[in-house]
Amino acid sequence: MGLTLDRCLSLMCVIMILLPSLCFSQNYYVSSRATYYGSPDCFGTPTGACGYKDYGSTVNGGEVTGVSKLFKNGTGCGACYQVRCKYSQHCSEDGVKVVVTDHGEGDNTDFVLSARAYNKLALQGQAEILFSYGVVDIEYKRISCQYPGYNLMFKVHEHSRFPNYLALVAIYQAGVSEITAVELWQEDCQEWKGMRRAYGAVWDMPNPPQGAINLRFQVSGSKWVQLKSLIPSEWKAGATYNTAIQLD
């Protein structure tokens, strides 16, 4: 006999379907160009197109970036890249690890780095020269994101309005996986309802389910992760909820 729907739901605290990921880190570099943007504190911007707000300005120590083609309509938000410039007399060998928090495009560039990230491209004492160039030739590769001490979290976006409009954004998204779909369990209909990608990394739904919210999200088009009662019945805009899981 198969399990009843109620029985299945009771087992959904954390269910991960372990299928191969369609996204992976690279072992090769791609040639491109990078520039930078200014901010008073040299961190990222809290108004980035990914919708991360303050998290987007300070994550990874402010070493963040806007991207153009790698933005992928928001799917690329949260991805991590190793970026290094090609001028051996001025540039460090390792370059900088950056997190995508915004959309940005300069003079035929793939990366628009925060000033902190751009500074880290340089050898000691050479940063002023790189800043004077404005745009530099670089090479980059996709790498796994690492957030020691942090699990994947879902934040209720500040634009949410209880109980009529819910927007969520995933933060501390480790590994190389990309979140491609988010759904909420609709108890009265006995089915999963898809959230809309509002913009960047922000998923939203008008008139969300009442009570504690069961959530599931799809990773890189092949793996679903289900979380029971992740969002409490009286959720609040700006609140963050810990999934207690790590993505690979």
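Okay, here's what the table says:
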{"read-out": "Positions within the stretch 89-105 being of a type in the set (S, T, N, Q) and out of contact with any Leu (no Cβ under 9 Å at 6 or more places or on another chain), in sequence order", "value": "T101"}
{"read-out": "Enumerated strands (runs of 3 or more DSSP E) restricted to the stretch 135-245, each holding at least 1 residues that are out of contact with any Ser or Thr (no Cβ under 7 Å at 6 or more places or on another chain) and free of Cβ contacts under 8 Å to residues at least 24 places away in the same chain", "value": "179-186, 191-194, 196-199, 223-231"}
{"read-out": "Breaking point among (1) open to solvent by 10 Å² or more (accessible area, probe 1.4 Å); (2) outside any helix (DSSP H, G or I); (3) of a type outside the set (A, V, I, L, M, F, W, C); (4) touching a Phe, Trp or Tyr at 6+ places or on another chain (Cβ under 7 Å), for T45", "value": "(4)"}
{"read-out": "Qualifying positions in the stretch 183-221 - out of contact with any Lys or Arg (no Cβ under 7 Å at 6 or more places or on another chain), closer than 17 Å to I231 by Cα and open to solvent by 40 Å² or more (accessible area, probe 1.4 Å)", "value": "E187, K193, G194, P206, N207, Q210, A212, R216"}
{"read-out": "Where L130 falls short, out of the listed (1) under 23 Å from the mean Cα position of the chain (by Cα); (2) surrounded by 19 or more Cβ atoms within 10 Å (Cβ to Cβ); (3) touching a residue at least 40 places away in the same chain (Cβ under 8 Å); (4) within 22 Å of T45 (Cα to Cα)", "value": "(1)"}
{"read-out": "Filtered residues of the stretch 59-108 (kept if buried (at least 16 other Cβ atoms within 10 Å of the Cβ) and assigned to a helix (DSSP H, G or I))", "value": "V59, N60, G62, L70, F71, G74"}
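The values are calculated or read from the model by the stated rules, or taken from the named source; none is laboratory data. As the structure is a prediction and not an experimental result, all values here were calculated from the model. Here Cβ is always computed from backbone atoms with ideal geometry, including for glycine, and neighbour counts include all displayed protein chains. Remember, those area values only see protein heavy atoms, side chains included, never the ligands or the DNA or RNA. Shrake-Rupley method; radii C 1.70, N 1.55, O 1.52, S 1.80 Å.
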